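S.K.: Before we start, here is the structure in question, set down as structure tokens.
Just so it is clear, none of the values below were taken in a lab; they were calculated from the coordinates. In this text, all values refer to a predicted model and were calculated from it rather than measured experimentally. No Cβ is skipped: glycine too gets one built from the backbone with ideal geometry, and neighbour counts run over all protein chains shown.
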């Protein structure tokens with residue numbers, strides 16, 4: 001009896017989830033070039049299948065939970081971060097013009113400038129808007145997995161770990177150079193980057209190390225003065241991955257230098273400031289297409305409309321859980337009392353645009 005009820009419930013659920021456009025076939029009918037003819041009808045992939053594929057690709061991209069909220073549309077490049085506007089513009093243009101004959105991007109700058117945010121934003125835009133297969137790989141974690149594969153008790157092989165890295169249409173290699181260099185590390189980096197280069201695969205790099213050539217060796221490199229200079233100098237990207245691989249990256253990627261204030265520090269200061277002040281806050285609002293609820297979903301520091309208004313931001317309705325996307329021009333920027341927002345949304349948990 002219980003089994004029949006469960007089967008009936010599943011049947012009802014399945015029927016309710018059938019797409020009304022394609023009736024579950026995955027194909028929808030569209031008008032051809034001769035719109036006036038009743039016989040000129042064609043079929044194309046239904047949006048429901050495209051959304052399902054994008055969802056699967058997004059899962060396979062392995063974006064860390066810490067960065068799941070990152071999108072190009074919510075990257076802050078106003079006010080104290082105005083120097084980052086050009087990097088964000090390059091990232092948006094990269095998505096619009098992709099593919100670019102295997103040419104990637106290399107974001108270089110100090111910590112806290114949003115390099116990983118932009119790399120993840122590009123990944124999500126390529127997956128959701130163009131159906132591109134992408135993979136996010138943390139440099140330190142990747143090398144650790146390779147080393148662990150040498151343990152006889154571990155089932156995964158080195159090639160099994162690296163195959164997705166080699167094959168991904170777009171690879172994000174985050175925090176390149178973060179591991180102390182050794183001969184093994186240099187060999188691993190060369191293996192990965194050369195495989196991507198030879199396969200003409202697009203690679204997006206982020207690194208905190210300056211992209212500078214190694215300093216010329218003086219006439220007396222072992223002198224006390226020269227040793228002191230080398231000890232005081234900050235390591236460069238060439239120091240961490242070898243000068244040969246740094247040069248190879250210049251063939252693979254367009255260099256994007258980032259400079260400005262530490263974004264994380266700015267957020268901490270802003271959060272502390274608003275925690276002390278009981279005033280109205282600016283928030284972005286949108287109506288849920290399913291239940292109609294006004295959805296207050298992000299605090300607004302600085303929002304810019306117009307130039308990048310076609311970049312859509314994902315919104316999850318607080319009432320029904322529906323996920324939908326709207327462009328910035330469709331958002332309503334309103335002031336809400338902090339006490340009102342705290343009662344329903346927990347202001348401190350709301351992310352900044």
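S.K.: To make sure I understand, if each residue's beta carbon is the centre and we count other beta carbons within 10 Å, what order do 259, 287, 175 fall in, fewest to most? It would help to have the intermediate numbers written out before the result.
M.R.: Values: 259 12, 287 16, 175 19.
By the 10 Å Cβ count, ascending: 259, 287, 175.
S.K.: Please report, in Å, the Rg and the Dmax of segment 44-162, where both are computed over Cα atoms only.
M.R.: Expressed in Å, the Cα Rg and Dmax of segment 44-162 come to 16.8, 53.
S.K.: How much length is gained on full extension from residue 100 to residue 29, taking 0.36 nm per residue of separation minus their Cα-Cα distance?
M.R.: Extending this stretch completely gives an extra 22.3 nm.
S.K.: Please give the FRET efficiency for residue 19 paired with residue 320, using the beta carbon to beta carbon distance and R0 = 25 Å, rounded to the nearest 0.05.
M.R.: Calculated value: 0.85.
S.K.: How much length, in nm to one decimal, is gained on full extension between residue 56 and residue 254, taken as 0.36 nm per residue of separation minus their Cα-Cα distance?
M.R.: 68.4 nm
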